[in-house]
Amino acid sequence: MPAPPQDRISRNASPETPADEVADNAPQALAPDAKLKFRTGDSVIADRVFRGLTIICAVAVFVIVGLVLFELVLQSRLSLHKFGLHFLTKTIWDPVIEDFGALPFIYGTIVSSLVGLVIAVPLSVGTALFLTEICPRRIRAVLSLCVELLAAIPSVIYGVWGMFVLVPFLRVYLQPALARYFGWTGLFGGQNFGFGMLAAGIIIAIMILPIIASITREVVVAVPRQQREAALALGATKWEMLRMAVLRNARPGIFGAIILGLGRAFGETMAVTMVIGNSPAIARSLFAPGYTLASVIANEFTEATGNMHLSALVEMGLVLFVLTLIVNALANLLVWSIKRRNPGRGLA
Amino acid sequence: MRRNWLVGLVLALFLGSAIADTNLNGAGATFPTPIYSKWFSEYNKLHPDIKINYQSIGSGGGIKQVQAGTVDFGASDGPMTDEQLAATPFKVVHIPTVLGADVPTYNLPGVSKDLKFEGGVLADIFLGNIKKWNDPRLAKANPGVKFPNSDIVVVHRSDGSGTTYIWTDFLSKVSPEWKKKVGTGTSVSWPVGIGGKGNEGVSGVVKQTEGSIGYVELIYAVQNKMDYGSVQNVAGQFIKADLASVTAAAASVKDMPADYRVSITNAPGKGVYPVSSFTWLLVPVKWSDAGKKKVFIDFLNWMVGPGQSMTSTLSYAPLPASVAAKVKVTIKAIQ
């Protein structure tokens, strides 16, 4: 057996010799046979170690996910046992008589996230395309920084901003206008609090925009330059070039970005709680207050004293977990089917 | 030789600190956290060797941790239920510490006078039975106030809290319909309205929304200089909450139960503010560590004695003298 691998690696990676000796030995260290030694003997071991480390990392992810699932089921067994599958279809949430159902919360989570996506996806894909294809080089860096800064703002700041700036704006300007021109859809009507599903959706949109925009930008940049040039050479306009050469090839990556954004939207808690109105109701209008799975856990967990109440809250976590899994699986399926039906094509 | 001497000194320091310092750990209600922090830090100034740590994790968490024995004492805004006491492997006593109250706060442009609310009217507003501000029952209690013909927007706490417990406890006592449909709890199933997180959330929504009404803790309203209405008590008076009227609510309880697990909402008597409540420390009766026990008993005696004079600077109502005297007897029962 050779010496322990870590030992060898560290000797090669970090010079342990004093500085003055390094200066003397430096040319020798680069001597051909020394290099050769590094390339053959050590790299085999390094490879094995690396392989082992990556396997450990990958297994750790599975173990963590498994443990989370196990713990969620274990802690929610009281409520799982009492309500069974009805938990998913009941609309009541009453801690006093300990009767719990998750439907309004599932609805609120999905609808607020969808509203967020509907707003954020065009905005962020547009931002990404502008940054990569159209924006003058000089202001590109500044704009990219601004988009990434959005991701660095803490959730609670968005919440406070939502409460004191966005909500009054919605109540006074946007919602009356929406009700007037689009009231016939049934989506914009009823009592106008400002707080509600629409406010939550807009907050979510702003929060997931930087994620989708920056990943989309990376994906778009990765489309080979020849593709663009080929499209232009065929006489395509800039828009046609973007559509044919860039978006078509970048589509799976953009979908990936959207899925990541959706994951964030599902789990978003603080900012959403502050503007959604926290009322477990299912209403067609986006003006109506709603409630999300993550919000109810954050709101009620600290003061929940009854065992059934606690158990039901943990089950909400389980529902959120499974919901995220299902949506991710569906999204991956969608990406796969799009790729299969309309594969990316090379023009060059 | 010199080295031995040094080792001796270091050892002495370690042992010395281990013997002298007593650390006590507590956890629970968030509502009394400011006064508890003040008490623990003031007590530490008087007795530098005693450190009492308090984590404000919520009443539910406080009860759980006491039951599990992971803290020396707990704290809760609502008394432990009989079931919870039965489920605890050892005996726990409730020690009332201070009093708090909930006040109705509203946003009604054009109305400058403090509004008066009957308990039944508040219950009907929060049930959604009274939908408009110009309801005759509101007008009757507030002669001279010109109410607008606008919708009432109910605002409640979305997070579970002792504040909600007190509010719903009061509404349950004044309205049979509330008691039947909603009940009392730290979180309830609200028939109408929108939820704000924390006192700041409720007051934020109320400030933002014309025609809204919500409830916040008295302390929060006082510290933020908010306007709030008065509530009618059993004697028929409309009382605006302040420290005196809240303390009066506790003093008015005629037959205080030995374990202090008593609701003082809607208490009888003149000058009583009806939406008031105790907050409690949850203390195990038997302590295995005699040193800790003595330290904590000393602290409790100080808390119901000189400590009570610190409450009003933080807008908490102090215990009435009769209750403080009774608590001193209860403390003697801790073994």
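Of note:
- Residue count for region B:53-62, restricted to those that are modelled with pLDDT under 90 and either farther than 12 Å from residue B:29 by Cα or within 7 Å of another protein chain (Cβ to nearest Cβ) (or both): 5
- Number of the exception - residue B:208 against (1) in contact with a Ser or Thr (Cβ under 9 Å, 6 or more places away or on another chain); (2) over 27 Å from residue B:321 (Cα atoms); (3) modelled with pLDDT under 90: (1)
- Yes/no for residue B:50 being away from chain A (no Cβ under 12 Å), touching a residue at least 40 places away in the same chain (Cβ under 8 Å) and touching a Leu at 6+ places or on another chain (Cβ under 6 Å): no
- Only one of the numbered conditions (1) part of a loop (DSSP other than H, G, I, E, B); (2) within 11 Å of chain A (Cβ to nearest Cβ) is not met by residue B:203, and that is (1).
- Residue that is within 16 Å of residue B:122 (Cα to Cα) and either open to solvent by less than 40 Å² (accessible area, probe 1.4 Å) or not in a loop (DSSP other than H, G, I, E, B) (or both), where the choices are B:246, B:216, B:262: B:216
- Residue match in region A:329-342 (condition: buried (at least 23 other Cβ atoms within 10 Å of the Cβ), touching a helix residue (DSSP H, G or I) at 6+ places or on another chain (Cβ under 6 Å), farther than 29 Å from residue A:177 by Cβ and not aromatic (Phe, Trp, Tyr)): no
- Residue match in region B:144-159 (condition: within 17 Å of residue B:190 (Cβ to Cβ), at pLDDT 90 or above, surrounded by fewer than 16 Cβ atoms within 10 Å (Cβ to Cβ) and touching a Gly at 6+ places or on another chain (Cβ under 8 Å)): yes
- Taking each residue of region A:235-251 that is open to solvent by less than 70 Å² (accessible area, probe 1.4 Å) and looking for partners that are of a type in the set (D, E, K, R) with beta-carbon atoms closer than 7 Å, six or more apart or interchain, yields A:241/A:228; A:242/A:133; A:245/A:228; A:246/A:228; A:248/A:345.
- Near pairs, Cβ below 7 angstrom, 6+ apart or cross-chain, from region B:73-86 (open to solvent by 10 Å² or more (accessible area, probe 1.4 Å)) to any residue that is of a type in the set (D, E, K, R): B:79/B:261
- Segments classed as strands (runs of 3 or more DSSP E), wholly inside region B:71-174, with at least 2 members that are outside the structural domain of residue B:320 (by TED's automatic domain parsing): B:92-107, B:153-157
- Helices (runs of 4 or more DSSP H) contained entirely in region A:76-169, each with at least 3 residues that are more than 14 Å from chain B (Cβ to nearest Cβ) and open to solvent by 70 Å² or more (accessible area, probe 1.4 Å): A:77-83, A:103-129, A:137-152
The values are calculated or read from the model by the stated rules, or taken from the named source; none is laboratory data. Everything numeric in this text was worked out from a predicted model, so none of it was measured. Every residue, glycine as well, gets a Cβ built from its backbone with ideal geometry; the counts of neighbours run over all protein chains shown. Ligands, DNA and RNA are excluded from the accessible area calculation, which covers all protein heavy atoms including side chains. Shrake-Rupley method; radii C 1.70, N 1.55, O 1.52, S 1.80 Å.
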